[in-house]
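Every number here is computed from the coordinates shown, using simple stated rules; none is lab data. Treat the numbers as computed from the prediction; the structure is a model and nothing was measured. Note: ideal-geometry Cβ built from the backbone for every residue, glycine included; neighbour counts use all protein chains shown.
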Amino acid sequence: MPIPYPAVLVLSLTAIVAVYSLGMAGVYALPWMMFFTAITASIYGLIPGLLSAAASVAGLHLFRSSLLDYLVMGFILFLSAYLAHQVGESLRRAHRRAKQLAQVQEVFLQGLEVVPRFFERHQLLRELPRLLSRLLRNSHLRIWVFSGAGRVELLEAEGPEAPSELVWQALRERRPVWLEPARVAWLPGGGSYELALPLLMREEPVAVLQIVRTEAWRPEELELFSRLAQTIGRQLEHLHDLELRRLLLQVADRLATADSKYEVARTALRSLMPALGMEAGAVLQYRRGVLRGIAWEIPKELRPKLVPLARELQCHQGPAWQAYHSGMPFFTESYSAHPGALPELKQLGFETLVAYPVHTRDAMKGRVVLVLAHRGRLAWTRGRKEILLGVERLLSSALERALQDELYQRINRLLTEAWSYPSQEVYHRILEAAVELVPGSKTGSLWIWEKGAYVCRAAVGSAWDCGVQMGEEGMLEWYAEGSAQALEGRPRIRLGGGEGAEATANLCLPVAHQGRVLAYLNLDSSQDPEAFAEDSLAAVQLFATPIATLVHELQNRAALEEAALTDGLTGLYNRRAFDLRLKEEVERARRYRYPLSLLVIDLKNFKPINDHLGHAAGDWALREVARALLQGGRAGDLVFRWGGDEFAVLLPQTDAEGALVVGRRLLAAIGAVCLEGLCLSANLGQATFPQEARSAEELLRLADNRMYADKRASP
């Protein structure tokens, strides 16, 4: 209940007049004079109180008081004026403090009520100064948003572009800090009191709420503002969780409809980049020793320089390769200072970058690397990392499904299309698919069991040359797991060794069928000693059944083809085989740029043996000629029975001079075939590609013409 100060003043004056009228002593008027003086000093201040005390002392002469009474009562009146002023001032200060505290409490309570109504973090930060400015009179508020790398930005408010030292201190110490008084240049009035409240999310500063006013900060206010900042921080965390949940649901829904790894990667990039504020991004997959782009999102003006890097990243340095080899994410806000930074990215001014390995099941390292970059400097806060981790998990699951589908489709296509290719082409396609699809592979070779030995029938970037043979014991020694494990088709991984001197990791798969190892598939990596892991084993085992099926069928087909291409009497290749191999060998010689010579041989004196000694003797003579041609030739030479008593010999990597030497030797060997005094001889025609002929037809025609010319010239 308020005190009726005017009534007390009137009552005091009335009492003084009554005491004077009754002729009473001044001591009876003293209490009322004290009331009058004290109320005046309490309400209007010390000076009016002292003036009212002086007026009261002057009025004491009406009561005919003594000098001592004047002095005593004057002292009492002046003391009451002073004490009343002090008490009044104290009450006024308490009233102002209570009023201000009530105002701050109102701000706090309304903040608690209003903050949860916002559904976006940016909206909350943008509206916060306006909301609090309506409640905090005579105060100036602004929000400084922390963007990382030593940068803060003023959010939609007037004021200086550079934050005060107190704002930086609040960011560094992550606690409320205040300064009193502080001279703020942009605030009228000069001396002011500043408060900086960091807004934390996941214990990391997101922004700073700066409040400047002309009155000092009291502990109660600081406590309430600190609690308000904590409330805002918790709401920011809640909004971040909601935004992350919405983003992940959206990404999961989009990835569920993605049919290929390209669409999966593109969908993840288009969802993730806006959420993180990134400008450029790519999803890279390790294939055959390089990181190849599955998908990328690059601004139009940057594509000429960045698209080649996104398509294929060969250098084994830099953050992307670091993330691949280590299996750990790489974050940086100063990319240009990194020793492995690519010059193209440095020239374009990229500073913020992440290389994030995408882990699939059973993989010790990320076979896929997600790379995102921004030309400015952005902080890799826990919030951004949580978004990245959540999307990476969805991307990992979707990519694993897409890569598995790709593997199955490629194997099925091999099985369905294999019969439309020659045998050697089938082996090469099998190996290419394995090298491309088995994680960690860069090179490889495929060894097939043929005629008592394993023959290298296909090689991709391997140190082995096709055609090289290895015995069964040698291959088992290389496999090093034992024959029982080989017959079970158990793959093995060897680290620190492999094909050739450069290989550092090898994956060997024995392909067994009906109690025999039909083939060995070798895959290698010359750059990573830990290239192969459980995911590699799981992928390579999918090739076992297709390889066994294809090799078995191809060998059966080869046996049938060999029967169709072999002369039944001599065991040599027949005319049909000659027509096929001639074209193949000419094309091979053209591709590898080596000479190829052809010898055409027509026997002489064969008809007398056949006519006088019988057809059995003639057959014997032909078999002996075939044996002489095979023994007189070299490894790699191809001998054909062209028809009747005519033969042909293909000499790969042999020029004209070398062919003449081989021809003389073969003629001598034929001359040694004799029966009952009848000895054979032959006419010879020779031609060489590309010295003398430019095609298979020209080569055959020239050699045939020379053979007939030799026949006409001989007696």
Cα gyration tensor of the range 565-713 - equivalent ellipsoid semi-axes, whole Å, descending: 27, 15, 13
Using the count of nearby Cβ atoms within 10 Å as a rough guide to exposure, how do 271, 397, 714, 597 rank from fewest to most? 714, 397, 271, 597
Cut-off is 10 Å between beta-carbons; in what order do 508, 315 appear when sorted fewest neighbours first? 315, 508
Residue exposure sequence - 344, 676, 127 - by fewest surrounding Cβ within 10 Å: 676, 344, 127
Net charge near residue 437 (other residues with Cβ under 9 Å of its Cβ; Lys, Arg +1; Asp, Glu -1) is 0
Please report, in debye to the nearest 20, how large the charge dipole of the range 565-713 is about its Cα centre when each Lys and Arg carries +1 at its beta carbon and each Asp and Glu carries -1 there. 320
Projecting each Cα onto the charge dipole of the range 421-561 (Lys/Arg +1, Asp/Glu -1 at the beta carbon, about the Cα centre), which of 435, 471, 532 comes out farthest on the positive side? 471
Backbone N within the range 404-440 under 14 Å of label point (7 Å from residue 556 Cα along the Cβ vector): 419
Among 458, 444, 422, pick out the residue whose Cα is farthest towards the positive end of the charge dipole of the range 421-561, where Lys and Arg carry +1 and Asp and Glu carry -1 on C-beta, about the Cα centre. 422
Where a ≥ b ≥ c are root eigenvalues of the Cα gyration tensor, a/c under 1.5 meaning rounded, otherwise prolate if a/b exceeds b/c and oblate otherwise, the range 348-417 counts as prolate
From the square roots a ≥ b ≥ c of the eigenvalues of the alpha-carbon gyration tensor of the range 249-397, which class results: rounded (a/c under 1.5), prolate (a/b over b/c), or oblate? rounded
Projected area averaged over all directions for the convex hull of the alpha carbon atoms of the range 421-561, nm², comes out at 7.6
Here are some pairs, 385/442; 261/300; 583/607; 583/711; 300/346; which of them have Cα atoms lying more than 28 Å apart in this structure? 385/442; 583/607
